[in-house]
Amino acid sequence: MTDVEGAFRAAFQAPPEFIVRAPGRVNLLGEHVDYNDGWVLPAAIDRAAYLAARAAPEPVVSLAAPDLEASAAFRLSELDAEDDPAAGANPRLDAIGRPLARWAWYPAGVAWALRRHGLRVVGLEAALTSTVPRGAGLSSSAAVEVAFAAAWQRLGGWELPPLELARLCQRAENRYVGVASGLMDQFASICGRAGHALLLDCRTLDWQPVPLPAGVSIVVADSGVRREIARSEYNTRRAQCQVALAGLRQAMGNPGLRALRDVSVEDFNRYAPALDPLVARRARHVVEECARTRAAAGLLRAGRVADFGALMNECHASLRDMYEVSCLELDALAEAAQRIEGCFGARLTGAGFGGCTVNLVAAATAEDFRRDLSRAYQEATGRQAAIWVCQAADGAAVLQPGG
Ligand code: ADP
Ligand code: MG
């Protein structure tokens, strides 16, 4: 753990009342299906945001973020002005009327969403540190949101069901920060369980923990590549899924068909020729990925980790060839990993066009894997990958200082 307690003492010359730990996450399977009502299989990881906090007498939130060498403060009363802050013209303001630093929009957004839900949000002094790399796709942002939500829950005298708390954090990110994202990240950070992945049905929000076999590590490899087109391509893929759905409604004579997740692989094979070939490739990824993710959860429960890994490899091929969201660097990382002894499966994760791969690796070989993958990636691309060996971890929790 980072020294968040020391950071709090340095900033506020007093000990914190408590510390919250809220983890990042990685998705093992179920990519680009959340917006098609599909199934996802994330795990919370043993990298987390840490928040040391105590209640403040005034309705002001004072923050120290030593990772960014920054501090900020905002008034809770400033937050109620707007219905949809990300869409509005008003700048988000700090406690003395200057523009609020962007990193502080995450906690401000959480306070905004909680207050709009009618929940008591108290003034706070807080120090924030994190071992989740920022902007790498491990959802450092959700970890920050969930840490603050848990702190305000603890101090506010109310308690929400985990998925409702996750939804309010998601609303903070969508509507206050202005980043469109699904519920998976906040869900995983709240509901994570050590040694388990979490199978979430994105329509019903039913979920179950799925045990990961002992002796496997989740390894995340960051290609170091970020491409601007990822956002517009993401929107294009979403639109193509809607076009496919409309086409299948017609071809299947089923106007009530709700989402691609409701189409079986057999039905899809029968009716896909009615679709534009490009749209059909996009939809094939979604339909098969839904089937893969549900099958994969069963394989994990049965301890069949090699078969599970084979589905991760299939997922990568599908994202590369059908959904076309991979790139040279991600292909190099996934293909190199799949050749390394002890690697069960490797695939790109996240929106694509850069970012990370997720790998399932025998824990005993994880350090060798890290070294071999790093070398192979550098040879193939001339680039340096950042590689993190992780374990599936528990969701957010309040800890006592010094504990
Ligand atoms: P990701 O969630 O993939 O890591 P995002 O761009 O969604 O990337 O979120 C990263 C942002 O979250 C950072 O730019 C910062 O605003 C905020 N954040 C994450 N970690 C910290 C931290 N330790 N201290 C302050 N802000 C943080
Ligand atoms: Mg994020």
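The values are calculated or read from the model by the stated rules, or taken from the named source; none is laboratory data. Being a predicted model, the structure only gives us computed values, none of them experimental. Heads up, the Cβs are rebuilt from the backbone with ideal geometry, glycines too, and the neighbour counts pull from every protein chain shown. Calculation scope for accessible area: heavy atoms of the full protein, side chains included, ligands and nucleic acids excluded. Shrake-Rupley method; radii C 1.70, N 1.55, O 1.52, S 1.80 Å.
One table, with the values for the structure above:
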| item | result |
| --- | --- |
| Residue satisfying all of: in the range 232-267; without any contact (Cβ under 8 Å) to a residue 12 or more places away in the chain and either of a type in the set (D, E, K, R) or part of a helix (DSSP H, G or I) (or both); farthest from GLY38 (Cα to Cα) among these | SER232 |
| Among the residues listed as ALA332, ALA297, the single one being within 24 Å of PRO213 (Cβ to Cβ) and assigned to a helix (DSSP H, G or I) | ALA297 |
| Qualifying positions in the range 32-62 - open to solvent by 10 Å² or more (accessible area, probe 1.4 Å) and over 16 Å from the mean Cα position of the chain (by Cα) | ASP37, TYR50, ARG54, ALA55, ALA56, PRO57, GLU58, PRO59, VAL60, SER62 |
| Per-region count, the range 13-31, residues open to solvent by less than 10 Å² (accessible area, probe 1.4 Å) and either closer than 15 Å to LEU319 by Cβ or among the acidic types (Asp, Glu) (or both) | 4 |
| Leading residue by the ranking (farthest from GLN384 (Cα to Cα)) among those in the range 221-246 that are touching a helix residue (DSSP H, G or I) at 6+ places or on another chain (Cβ under 6 Å) and of a type in the set (S, T, N, Q) | GLN240 |
| Qualifying residues in the range 194-203 (those that are in a loop (DSSP other than H, G, I, E, B) and either open to solvent by 40 Å² or more (accessible area, probe 1.4 Å) or of a type in the set (Val, Ile, Thr) (or both)) - the one nearest to ALA397 (Cα to Cα) | ALA194 |
| Matching residues in the range 44-59 - criterion: being in contact with a helix residue (DSSP H, G or I) (Cβ under 7 Å, 6 or more places away or on another chain) and either within 16 Å of ligand 2 (Cβ to nearest atom) or in a strand (DSSP E or B) (or both) | ALA44, ALA48, ALA49, TYR50, LEU51, ALA52, ALA53, ALA55 |
| Criterion (crowded, with 24+ Cβ neighbours inside 10 Å and not in a helix (DSSP H, G or I)) met by exactly one of GLY345, GLY352, GLY303 | GLY345 |
| Residues located in the range 355-398, provided they are in a strand (DSSP E or B) and more than 23 Å from the chain's Cα centre (by Cα) | ALA362 |
| Flag for ASP206 being touching a strand residue (DSSP E or B) at 6+ places or on another chain (Cβ under 9 Å), of a type outside the set (Lys, Arg), surrounded by fewer than 18 Cβ atoms within 10 Å (Cβ to Cβ) and modelled with pLDDT of 95 or more | yes |
| Unmet criterion (only one of (1) open to solvent by less than 10 Å² (accessible area, probe 1.4 Å); (2) away from ligand 1 (no atom under 16 Å from the Cβ)) for ALA111 | (2) |
| Count of the range 124-151 residues which are within 9 Å of ligand 2 (Cβ to nearest atom), under 17 Å from ALA230 (Cβ atoms) and open to solvent by less than 10 Å² (accessible area, probe 1.4 Å) | 1 |
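Conditions tested, residue by residue: (1) open to solvent by 60 Å² or more (accessible area, probe 1.4 Å); (2) touching a residue at least 40 places away in the same chain (Cβ under 8 Å).
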{"position": "ASP307", "(1), (2)": "yes, no"}
{"position": "LEU311", "(1), (2)": "no, yes"}
{"position": "SER318", "(1), (2)": "no, no"}
{"position": "ALA334", "(1), (2)": "no, no"}
{"position": "GLN338", "(1), (2)": "yes, no"}
{"position": "ALA366", "(1), (2)": "no, yes"}
{"position": "GLN384", "(1), (2)": "yes, yes"}
{"position": "VAL389", "(1), (2)": "no, yes"}
